[in-house]
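K.L.:
Quick one: the structure is below, questions incoming.
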Number of protein chains: 2
Amino acid sequence: MSSPPAADVTAGLAARLTDVVGPAHVLVDPELRAPFETDWTRRFGGPALLVVRPGSTAEVADVVRACAGAGVGVVAQGGNTGLVGGGVPPSPGRSPVIVLSTVRLTGLEPVDNAAAQVTAGAGVSLARLHAAAAAAGLAFPVDLAARDTATVGGMVATNAGGVHVMRYGSMRAQVVGAEAVLADGSVLSRLSGLVKDNTGYDLSQLLVGSEGTLGIVTAVRLRLVAAQPERVVALLGVDSTAAALALIDVLRRRVEGLEAAELFFDEGLALVREHGRLAAPLPRAFRAYLVVECGGLADPSESLFEVLAELDVPEAATAVATDRAGRASLWAYRERHTEAISALGVPHKLDVTLPQARLAEFEAAVRAVVAETAPGSTLVLFGHAGDGNLHVNVVGPPPEDETVDEAVLRLVAALSGSISAEHGIGRAKTRWLELSRTAAELTAMRAVKAALDPAGVLNPGVIFERV
Amino acid sequence: MSSPPAADVTAGLAARLTDVVGPAHVLVDPELRAPFETDWTRRFGGPALLVVRPGSTAEVADVVRACAGAGVGVVAQGGNTGLVGGGVPPSPGRSPVIVLSTVRLTGLEPVDNAAAQVTAGAGVSLARLHAAAAAAGLAFPVDLAARDTATVGGMVATNAGGVHVMRYGSMRAQVVGAEAVLADGSVLSRLSGLVKDNTGYDLSQLLVGSEGTLGIVTAVRLRLVAAQPERVVALLGVDSTAAALALIDVLRRRVEGLEAAELFFDEGLALVREHGRLAAPLPRAFRAYLVVECGGLADPSESLFEVLAELDVPEAATAVATDRAGRASLWAYRERHTEAISALGVPHKLDVTLPQARLAEFEAAVRAVVAETAPGSTLVLFGHAGDGNLHVNVVGPPPEDETVDEAVLRLVAALSGSISAEHGIGRAKTRWLELSRTAAELTAMRAVKAALDPAGVLNPGVIFERV
């Protein structure tokens, strides 16, 4: 990219983009820009020349072409619920960028019942997608806490995960096809909903998880699944991570409709109970806890009870609910971890995956590593044990001191894990990318980036510090 | 690529490759090469300078480097069960190539029970993979008729489908990660089995369906699923394609464990019955037939019966079996289509997907198009109606006359379908690729190819006639 432009570059670009999207949708005023320039954690962000809100795919293409012509980068932003700074401008002093917000791309076609699919604009919120699927008697299987704000475009760009990945996969598995604007302003469009389509490279899948660096997703064709109205949730006390994993192994094989298997530990439970003034979930304490959920067209609880009985899981280690309120009260012990941890201070949050067979080893090792590199800190672990995905939270070290982050990520890499399970690389983790990727992989990734965006127009500084 | 090499290029390359893999695994003798030079349909193929059978990923890398250095292309071949000439050399007179057979890459690690995954060498047969999964009490959910010969490497390279896609997805959905050799001899390796791994571009997924043009898959990490021992198969008579699709729509929402929904028609049934001397499956004739299968941990037949009763599907339109022999006898009406058609002559086979909502329209239109462009021919349609995927078989026109093929593919394109659902582009369909792909997509695909294989070493002439 060229050197930072003078004010006349901004003025010229603003005029050009106003022609494209109209004056109401080019935000130059610093106060109007501000919400788009910082992520919601307030950890990442920087100045944008302006914010533009195109209302159609053709307008997105025109915006990208104009920016490419002006030597200005384009940061695509959906609901701005990311956690790694991938949807906000770089810190001051870097190459000039604009923010392209997809919030106006809110077209949502009627559900295609014949195919059990739906086409949604990038700016459609996850909550709206859920509602549309439910109204058609179907379901969209990815869910996460930011559902009211997170957009499907952002979720595709970041390959969002959530708690149902073990049954349904992450966003990647839901994407039948995507429409996207590339760095040269050309438009890819695979929205006709073809489940089987072996006609060359699957460019839609290449865009999934590319964090706005290869193209700007403007619409997606998503699969829907049968609604699973009958549900059972069990909270199970176990003596160790290894015991939890052994239980998951059996449940995976023997229980119908297993959708979630979430792990937390006694230290997290204590924190959550204190923070939320919750009663103990079980008559006695355990070292670790699993929350499992099964969904079905018919009541899946009998199948779950049978297996728990066969495994001799004691009654004192089992709380079960099938009604909505009861299920929510069991889930609360897991779901309230985030707020309970935040109440202690600003946590260092790491989101890692380990090979399932090494998850127990990691749990022990990460406690030692954190004790050594951040003595006196509070460590809280929880996560999606069915996917090998743990969230590592360390409260204590100041936010800018990343000693413990680096030590944990190095441990993850040594155990063949991923330094980012769900959150992505964004700007936050570029310096650690090589812990999870070999030189050959980085070379191939850079070659793909250079092939599709040779001038580095799209999300400069994200995934790769430098292209 | 350079012009065809003289005999000394072959001799030099053979010597170099003998150093890499040993003399037993460099086949220069025309008789030894022959089985690798023609596909099993005998429609595609051509001369290879030699055939090499490396025994490890490192040897594959050395072979690729040697060929790249000599200006010779590399055609990767698995079980040679492809249908579009993607795994055999081009016809005589094109750029010189060797065949790299993956048949010796037969390493199969023990099933990872904790993760419900397995790592398999590219040369492992599908049947062996099924057996290994079953021995661990799990299942590999992709199945197809060539299971004894088809290799997992080839199935990943071609994103193989089959009859269970509606429940489990195609090969793409099973690939947790891949190991592959790129055109420069570098090795990508994502075999640690991380279900969630958002650390940049998913190069493993990019390789799926790339037909050996971006890298040579040497090993794959695959997910396994819970075995579904209890099964029910129903053969249902319906009055039209539209009625069949309406039935699938309800079954998809209401029946547990729906794995397959296969469609065929009266003309195909008549052929199959005559060829196989089979009794009529139902007490009266129908225009179209669906074979549906459900699998579960518990018997899924009750759930199916309930829905069929609610839909008032008459008894005369329903044949059901839960025992293995009975299920096989119902499946036979669908599965024997291929052999019954082949007995009539060499068919023109097209494998297409339509948007589900336009499948009925296509069924009517394709009959008209075939009647017009190949008068007097026999048309037999069948396929995976749950995925919008139909196999169009036309017997009559000579094999080299592709008038009917082109007319059918143009119809598919006009209805926003895919000209290749499962089989790929290979060499057979390169000239029609632009019917399914826009100019922007072709440009992006070529850019990716050029980025990862600038000299065009890997499978020249496949997918793209020319790079």
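K.L.:
Could you give the spread of the C-alpha atoms of segment A:91-189 along their three principal axes, from largest to smallest, in whole angstroms?
P.N.:
Here the spans come out as 49, 28, 21 Å, largest first.
K.L.:
Next question. Kindly work out what percent of the DSSP beta bridges joining two residues of segment B:1-144 are antiparallel, to the nearest 5.
P.N.:
40
K.L.:
Once you average over the residues of A:111-122, how many Cβ atoms of partner chains fall within 10 Å of each Cβ?
P.N.:
Mean number of neighbouring Cβ atoms from other chains: 4.
K.L.:
Can you give the accessible area buried between chains A and B, summed over both chains, with a 1.4 Å probe, in Å² to the nearest 100?
P.N.:
6100
K.L.:
For A:200-213, what's the mean count of beta carbons from other chains sitting within 10 Å of each residue's beta carbon?
P.N.:
Taking the mean over all residues of the peptide, I get 6.
K.L.:
How many nm separate the modelled label positions at B:T106 and B:S56, each set 7 Å beyond the Cα in the direction of the Cβ?
P.N.:
Between B:T106 and B:S56, the simple spin-label model gives 1.8 nm.
K.L.:
Here's another thing I want to ask about it. Compute the orientation-averaged projected area for segment B:215-341 from the convex hull of its Cα atoms and round it to one decimal in nm².
P.N.:
Spelled out: convex hull of the Cα atoms, projected over all directions, averaged, 10.2 nm².
K.L.:
Shifting gears a bit: Would you mind putting B:279-290, B:100-111 in packing order, based on average other-beta-carbon counts within 10 Å, highest first?
P.N.:
Put in order of decreasing packing, that is B:100-111, B:279-290.
K.L.:
Where does each of A:84-97, B:442-455 land if you order them by average Cβ count within 10 Å, highest first?
P.N.:
Those peptides, ordered most packed to least, come out A:84-97, B:442-455.
K.L.:
A further question on this structure: Would you mind calculating the relative contact order of segment A:421-467 from Cα pairs under 8 angstrom and at least 6 residues apart, reporting the percent as a whole number?
P.N.:
With pairs under 8 Å counted, the relative contact order is 54 percent.
K.L.:
Partner chain Cβ atoms within 10 Å, averaged over the residues of B:185-192 - can you pull that number for me?
P.N.:
5
K.L.:
Full extension from B:A135 to B:A450: what is 0.36 nm times the residue separation minus their Cα-Cα distance, to one decimal in nm?
P.N.:
Length gained between B:A135 and B:A450: 109.1 nm.
K.L.:
Ranked highest first by average number of other Cβ atoms within 10 Å, how do B:164-170, A:295-301 line up?
P.N.:
Listed from highest to lowest mean packing, they are B:164-170, A:295-301.
K.L.:
Is there a quick way to get the dipole size of segment A:263-308? I mean about its Cα centre, with the Cβ of Lys and Arg at +1 and of Asp and Glu at -1; what is the value in debye to the nearest 20?
P.N.:
So the dipole magnitude of segment A:263-308 works out to roughly 280 debye.
K.L.:
Which residues' amide hydrogens lie under 5 Å from the amide hydrogen of A:R287, considering only partners 5 or more residues apart or on another chain, with H built in the peptide plane?
P.N.:
A:V238
K.L.:
Along segment A:282-287, what does the Karplus equation 6.51 cos²θ - 1.76 cosθ + 1.60 (θ = phi - 60°) give for ³J(HN,Hα), rounded to whole Hz, x for Gly and Pro?
P.N.:
With coefficients 6.51, -1.76 and 1.60, one gets 10, x, 9, 7, 10, 6 Hz.
K.L.:
Restricting to Cα pairs below 8 Å that are 6+ residues apart, what does the relative contact order work out to for chain A? Please round to a whole percent.
P.N.:
After rounding, I find 15 percent.
K.L.:
Using a 1.4 angstrom probe with every protein chain in place, what is the largest-first accessible-area order of B:D62, A:D112, A:D387?
P.N.:
Sorted by accessible area, descending: B:D62, A:D112, A:D387.
K.L.:
Any idea how many Lys pairs in the protein assembly as shown come in under 27 angstrom at the alpha carbon, given 8 or more places apart or on separate chains?
P.N.:
Counting lysine pairs in the protein assembly as shown gives 14.
K.L.:
How much area per residue is accessible in the protein assembly as shown when the probe is 1.4 Å and only protein heavy atoms are counted (Å²)?
P.N.:
That works out to 35 Å² for each residue.
K.L.:
Let me ask something additional. Suppose R0 equals 51 Å. What FRET efficiency, 1/(1 + (r/R0)^6) with r the Cβ-Cβ distance, do A:T18 and B:A24 give to the nearest 0.05?
P.N.:
After rounding to 0.05, the efficiency reads 0.10.
K.L.:
At a 1.4 Å probe radius, carbon and sulfur cover how many percent of the accessible area of chain B?
P.N.:
The value for chain B is 53 percent carbon and sulfur by accessible area.
K.L.:
Got the relative contact order for segment B:144-302 handy, in percent, Cα pairs under 8 Å and 6 or more residues apart?
P.N.:
Answer for segment B:144-302 is 26 percent.
K.L.:
Assuming a ≥ b ≥ c are the square roots of the Cα gyration tensor eigenvalues, decide whether segment B:245-287 counts as rounded (a/c under 1.5), prolate (otherwise, with a/b larger than b/c) or oblate.
P.N.:
Since a/c reaches 1.5 and a/b is larger than b/c, the shape of segment B:245-287 is classed as prolate.
The values are calculated or read from the model by the stated rules, or taken from the named source; none is laboratory data. Since we're looking at a predicted model, the values are computed, not measured. Reconstructed Cβ throughout: ideal geometry from the backbone, glycine too, with neighbour counts over all protein chains shown. Each accessible area value is taken on the protein alone, full model and side chains, heavy atoms only, with ligands, DNA and RNA left out. Shrake-Rupley method; radii C 1.70, N 1.55, O 1.52, S 1.80 Å.
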